[in-house]
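I have placed the structure first, in the form of structure tokens, so that the comments after it can refer back to it.
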Amino acid sequence: MTETTRPEYADVAAAAERIEGYANKTPVMTSRTVNEEFGADVFFKCENLQRMGAFKFRGAMNALRQFTPEQRAAGVVTFSSGNHAQAIALSAKLLGIPARIIMPHDAPAAKVAATKGYGGNVVMYDRYTEDREQIGRELAEKQGLTLIPPYDHPHVIAGQGTATKELIEEVGPLDVLFVCLGGGGLLSGSALAARQLSPDCTIYGVEPEAGNDGQQSFRSGKIVHIDTPKTIADGAQTQHLGHYTFPLIQKYVNDILTVSDDELIASMKFMAERMKIVAEPTGCLGFAAARARKAELSGKKVGIIISGGNVDIARYGEFLAGKSVS
Ligand SMILES: *Cc1c(COP(=O)(O)O)cnc(C)c1O
């Protein structure tokens, strides 16, 4: 595969080998309470327990491992609202590659601190007035850095697909799979893996109600752009799907669902209280959608990706203590 061809399942398989020994094989958890409530067998792939706390380590490591010696020497640049930043910073540090990270000024404090902690050189921008992609391209051009975007890159997509590959290899074919959706790196990679390893599986992407550009794009057949959505799911505040991710989603995904912030908080609380899982708001998208459709899941084998667990601890406390949600 070159950097400009559309990824296939073989690229997910190659990524799995490339990141072995670097990425965690994250645990798959079950909950008797959930199984009883759903009347289904539900398997949670816990990417909140991935290195740096989210699946994004997979795609970042897969991309950086393919750098040439020249690219490694010059360094990597990326833009991210958080987890991809940490993923690039940590992967780069492990591989001895310098990293520049362009982050929004209002990114969660925990994510900024972690990115700096992993050795990333952070450049701040205003997410409501400035174009991060342009800032990234300028840095790449002027300083010879290689830009690795958070989702729209074949190596990133292939790496993200390894989480679902592991899940299906561990528990067997699934009837239904729920995947969190921002720009679609995780969903398109997961769909490549699921279509190959569990061909009859119904694949759902799940995004925040306030930012349903993916659903609009899927249903209209073209990439729809929206303003930065206001939602607690900060990992899914993307404005549009990508030129690589969208065709894969169109081809392999069955539908895109949405959930509200209140549903995310209710799911976050449930996971904390009943399953002892710390999931960030975006990480709850899949489970929240599954809960909303549990009648449809009866008797089925269901996979849910918990995509990450990086939530500012004070904010997490507020979510759990909130009185306005069910
Ligand atoms: C980035 C991210 C997502 C969305 O992934 P995309 O590849 O942009 O669709 C979901 N959950 C978490 C925790 C993330 O960090």
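For beta carbons closer than 8 Å, sequence separation of 6+ or different chains, a first residue in the range 264-286 that is farther than 16 Å from Lys230 by Cα and of a type in the set (Ser, Thr, Tyr) and a second that is within 16 Å of the ligand (Cβ to nearest atom) and in a loop (DSSP other than H, G, I, E, B), the qualifying pairs are Ser267/Ala279.
Selection of the range 168-189 for residues being under 29 Å from Ile223 (Cα atoms) and assigned to a helix (DSSP H, G or I) yields Gly185, Leu186, Leu187, Ser188, Gly189. The condition (being under 21 Å from Ala292 (Cβ atoms), within 16 Å of the ligand (Cβ to nearest atom) and in contact (Cβ under 8 Å) with a residue 40 or more places away in the chain) is satisfied by just one residue among Ala194, Ala163: Ala194. Within the range 238-250, the set of residues being touching a residue at least 40 places away in the same chain (Cβ under 8 Å) and surrounded by fewer than 21 Cβ atoms within 10 Å (Cβ to Cβ) comprises His240, His243, Pro247.
Test Phe43 against the criterion of being in contact (Cβ under 8 Å) with a residue 24 or more places away in the chain and part of a loop (DSSP other than H, G, I, E, B), and give yes or no. Taking the combined requirement at face value, the residue does not satisfy it.
For the range 31-55, a residue qualifies if it is away from the ligand (no atom under 16 Å from the Cβ) and aliphatic (A, V, I, L, M), and the qualifying residues are Val34, Ala40, Val42. Within the option set Asp261, Asp152, Asp255, Asp175, being within 12 Å of the ligand (Cβ to nearest atom) and not basic (Lys, Arg) holds for one residue only, Asp152. Screening Thr202, Thr231 for residues that are without any contact (Cβ under 8 Å) to a residue 60 or more places away in the chain, within 15 Å of the ligand (Cβ to nearest atom) and buried (at least 16 other Cβ atoms within 10 Å of the Cβ) leaves exactly one candidate, Thr231. Exactly one residue among Ala99, Ala74 is more than 16 Å from the chain's Cα centre (by Cα), crowded, with 24+ Cβ neighbours inside 10 Å and more than 17 Å from His155 (Cα to Cα), and that residue is Ala99.
So for the range 133-142 (the condition being closer than 23 Å to Leu241 by Cβ and of a type in the set (A, V, I, L, M)), does at least one residue qualify? Among the residues of the range 133-142, at least one is closer than 23 Å to Leu241 by Cβ and of a type in the set (A, V, I, L, M), which makes the answer yes. The conditions of being within 12 Å of the ligand (Cβ to nearest atom), farther than 23 Å from Glu37 by Cα, within 19 Å of the chain's Cα centre (by Cα) and modelled with pLDDT under 95 are met by Gly211.
The values are calculated or read from the model by the stated rules, or taken from the named source; none is laboratory data. Values in this document were obtained by computation on a predicted structure and should not be read as measured data. Because the Cβ atoms are built from the backbone with ideal geometry, glycine has one as well, and the counts that use them run over all protein chains shown.
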